[in-house]
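Beneath this line is the structure, given in structure tokens, with notes to follow.
Bear in mind these aren't lab numbers, they're just calculated from the coordinates by the rules spelled out. All values reported here derive from a predicted model rather than from experimental measurement. Counting neighbours? That spans all protein chains shown, and the Cβs are built from the backbone with ideal geometry, glycine included.
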Amino acid sequence: QVQLVESGGGLVQPGGSLRLSCAASGRIFSINAMGWHRQAPGKQRELVAAVTSGGSTNYADSVKGRFTISRDNAKNTVYLQMNSLKPEDTAVYYCNANVRESALWNWNTYWGQGTQVTVSS
């Protein structure tokens, strides 16, 4: 089994910054893409940013230029640096990872438990 544990959420004023971290542990042979999604009250979960094992990234238009995703493959950890935060960034942020637990197994997607980010004055 694979576990993803997020940290770094909290309350921040508009214009402020936060850095989220998500560490994967357990039975891991290989990790492909890792990413962050978010879900605001009453809205569907949406992709925020993703990064492949080779370092290619993609972002939601709403966060381009403000958020930066990165990963440390040696630590099986993905980060999300969030700058110039806006009230509309308020949501529960979930990390996910596409993991293969063995060379003979298929890829599976695992999710963290979520961390709350609140942007408010």
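Working out 0.36 nm times the residue gap between Ile28 and Gln81, then minus their Cα-Cα distance, what length gain in nm do you get to one decimal? Don't jump to the answer; show the numbers that get you there.
Numbers: separation 53, 0.36 × 53 = 19.08 nm, distance 2.49 nm.
Here the segment from Ile28 to Gln81 would lengthen by 16.6 nm.
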Rounded FRET efficiency, nearest 0.05, which uses the C-beta distance separating Trp107 from Ser62 and R0 of 35 Å = 0.80
Looking only at segment 86-112, which residues have a backbone nitrogen under 14 Å from a spot 7 Å from the Cα of Gln39 in the C-beta direction?
-> 91-96, 111-112
Do you know the relative contact order of the chain, to the nearest whole percent, from alpha carbon pairs under 8 angstrom that are 6+ apart?
-> 36 percent
Karplus-derived 3J(HN,Hα) from phi for segment 30-37 (6.51 cos²θ - 1.76 cosθ + 1.60, θ = phi - 60°), whole Hz, x at Gly and Pro, runs 7, 10, 8, 6, 10, x, 10, 10
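In whole Å and largest first, what semi-axes does the C-alpha gyration tensor of the chain yield when each eigenvalue is scaled by 5 and square-rooted?
The answer is 26, 14, 12 Å, longest axis first.
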